[in-house]
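One structure is given below, encoded as structure tokens.
The values are calculated or read from the model by the stated rules, or taken from the named source; none is laboratory data. What you are looking at is a predicted structure, and each value in this text was computed from that prediction instead of being measured. Glycine gets a Cβ as well: all are built from the backbone with ideal geometry, and neighbour counts include every protein chain shown.
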Amino acid sequence: MNQATFNFAPKGKRADIAATRLVAAKAPVRDVAPANDVDPGDAIGFEFARYGMVPPAPCLWPGHPIREGWERGRRAMARRTRPATLAVTRWLALRLAAWQRGEAFDDHQITPQVLRSLEVATHCPVTGRALQDDACVVPIDLQRGWVAGNLVLLSPTIAERWTTIDWAMARDCLARAEAEPEILVDGLPLRHWRRIVALKSLATPLPHDEAARIPLHVLPPNRIRLVNPIQELQAVLTLQLAVAGWGQRARGIAESLPVALRNEFNLFFNSLLAQALRQGHGSAKAEMRDALATAWGDDVVMRRWGRFAALVDAPLAETLVERLTREPMPGLYVVRHGEVEAKQAMAA
């Protein structure tokens with residue numbers, strides 16, 4: 001199945017050292033090395049030495065795997081260490097914390113460059129508040145864990161609770177919040193639970209019909225890999241409105257669709273556009289994305305999307321996404337390498 005990864009150009013926001021140290025500090029220190037042929041703890045210690053860094057004090061006891069790898073790295077690196085950038089600091093802290101908790105961490109896919117690319121986010125996708133230097137990286141789908149395309153930057157208050165919220169809990173809390181919208185459910189308001197469910201759904205494999213019924217209250221964060229074809233199509237169609245020239249592209253999309261889908265597509269797309277314009281957004285890209293996400297909360301938009309999505313099964317959704325992302329367009333550069341990878345290239 002083709003998958004879509006949305007990659008937006010970074011704005012140069014500095015990564016956070018304190019947050020990554022906090023993540024590492026929360027994990028209990030592992031005194032016994034894991035039973036692997038290649039000890040991950042030793043490898044992490046070696047990387048600390050490669051970048052001229054010293055591991056946390058609890059890892060420096062004699063015989064500790066981190067200490068042994070660090071000592072080996074110091075002998076091998078001598079004075080040939082590499083610069084310890086903020087992205088490298090975050091990368092090592094996350095690797096260390098995952099190892100201490102016994103969690104798998106794909107250090108080949110998750111690199112300092114990948115973590116740096118997450119910094120394009122200026123606001124927490126759940127709270128909507130501006131991200132500060134204490135923002136934290138977490139895996140979206142807890143089952144998939146620390147793999148590329150499954151990471152997001154959240155505010156610390158949400159990140160601290162994130163690992164306790166699986167898909168079933170998120171859906172249950174949303175149902176309770178919608179039944180009594182005036183109260184807080186587990187300390188969070190209805191709007192937060194709607195965004196949590198939307199965000200988790202993008203990275204959680206779901207039945208086609210279930211995925212089609214979820215409003216896009218959160219547009220795909222940077223570098224997320226979408227796993228449900230109908231949500232790939234939902235996101236690609238929505239993001240058409242975030243790039244100049246959407247009117248001409250919308251006509252081209254309608255003409256390329258099977259005849260049975262054209263009318264429903266036009267009704268849906270025009271409703272989404274009208275609701276986005278009603279939000280009174282400015283010219284900034286972040287404001288447009290917020291307006292589009294808010295537009296998905298409209299009943300008319302969801303009703304018309306439901307009628308359109310009912311005519312699109314998973315194979316057709318994949319075909320449409322491939323067709324829509326085949327040709328690059330100004331501001332939205334798309335490359336296919338066995339999966340759809342959308343890269344936002346608009347000027348900052």
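Quick check, is T163 surrounded by fewer than 16 Cβ atoms within 10 Å (Cβ to Cβ) and among the β-branched types (V, I, T)?
Yes: the conditions hold for T163.
Output yes when any residue across the stretch 33-47 is of a type in the set (A, V, I, L, M, F, W, C), modelled with pLDDT under 50 and either in contact with a strand residue (DSSP E or B) (Cβ under 6 Å, 6 or more places away or on another chain) or outside the structural domain of P220 (by TED's automatic domain parsing) (or both), and no when none is.
Yes: the stretch 33-47 contains one or more residues that are of a type in the set (A, V, I, L, M, F, W, C), modelled with pLDDT under 50 and either in contact with a strand residue (DSSP E or B) (Cβ under 6 Å, 6 or more places away or on another chain) or outside the structural domain of P220 (by TED's automatic domain parsing) (or both).
Any residue at all in the stretch 217-226 that is over 22 Å from Q143 (Cβ atoms) and not small (G, A, S)?
yes
Out of (1) assigned by TED's automatic domain parsing to the domain that holds W146; (2) at pLDDT 90 or above, the odd one out for D107 is which?
Status for D107: all satisfied but (2).
Among the candidates V185, V197, which residue alone is within 20 Å of T294 (Cβ to Cβ) and among the β-branched types (V, I, T)?
V197
A quick yes/no check of all residues on (1) more than 18 Å from M288 (Cβ to Cβ); (2) of a type outside the set (G, A, S); (3) in contact (Cβ under 8 Å) with a residue 40 or more places away in the chain:
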| position | (1), (2), (3) |
| --- | --- |
| P207 | yes, yes, no |
| A211 | yes, no, no |
| H217 | no, yes, yes |
| P221 | no, yes, yes |
| L226 | yes, yes, yes |
| P229 | yes, yes, yes |
| A235 | no, no, yes |
| A242 | no, no, yes |
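Could you figure out which of (1) on the phi > 0 side of the Ramachandran plot; (2) touching a strand residue (DSSP E or B) at 6+ places or on another chain (Cβ under 7 Å) isn't true of L115?
With (1) on the phi > 0 side of the Ramachandran plot; (2) touching a strand residue (DSSP E or B) at 6+ places or on another chain (Cβ under 7 Å) applied to L115, the lone miss is (1).
Can you give me the ranges of the helices (runs of 4 or more DSSP H) entirely in the stretch 252-348 with at least 3 residues that are within 19 Å of N222 (Cα to Cα) and modelled with pLDDT of 90 or more?
Those helices (runs of 4 or more DSSP H) span 285-295.
For the stretch 172-181, name all the residues that are surrounded by fewer than 17 Cβ atoms within 10 Å (Cβ to Cβ) and either out of contact with any strand residue (DSSP E or B) (no Cβ under 8 Å at 6 or more places or on another chain) or not basic (K, R) (or both).
Result: D172, A175, E178, A179, E180, P181.
Going through the stretch 223-232 one residue at a time, which ones are among the aliphatic types (A, V, I, L, M) and either over 17 Å from the mean Cα position of the chain (by Cα) or assigned to a loop (DSSP other than H, G, I, E, B) (or both)?
Result: V227, I230.
Hey, could you check the stretch 121-138 for residues that are surrounded by 21 or more Cβ atoms within 10 Å (Cβ to Cβ) and touching a Pro at 6+ places or on another chain (Cβ under 9 Å) and say which is farthest from T89 (Cα to Cα)?
The qualifying residue farthest from T89 (Cα to Cα) is P125.
Scan R116, R144, R129, R101 and give me the residue that is of a type in the set (K, R) and either touching a Gly at 6+ places or on another chain (Cβ under 6 Å) or within 22 Å of H192 (Cβ to Cβ) (or both).
Just a single option satisfies the conditions, and that option is R129.
Please work out which one of (1) buried (at least 20 other Cβ atoms within 10 Å of the Cβ); (2) hydrophobic (A, V, I, L, M, F, W, C); (3) without any contact (Cβ under 8 Å) to a residue 60 or more places away in the chain; (4) farther than 30 Å from W70 by Cα is the condition L184 fails and give its number.
(1)
T204 passes all but one of (1) under 21 Å from P229 (Cα atoms); (2) of a type outside the set (F, W, Y); (3) surrounded by fewer than 18 Cβ atoms within 10 Å (Cβ to Cβ); which number fails?
With respect to (1) under 21 Å from P229 (Cα atoms); (2) of a type outside the set (F, W, Y); (3) surrounded by fewer than 18 Cβ atoms within 10 Å (Cβ to Cβ), T204 is out only on (3).
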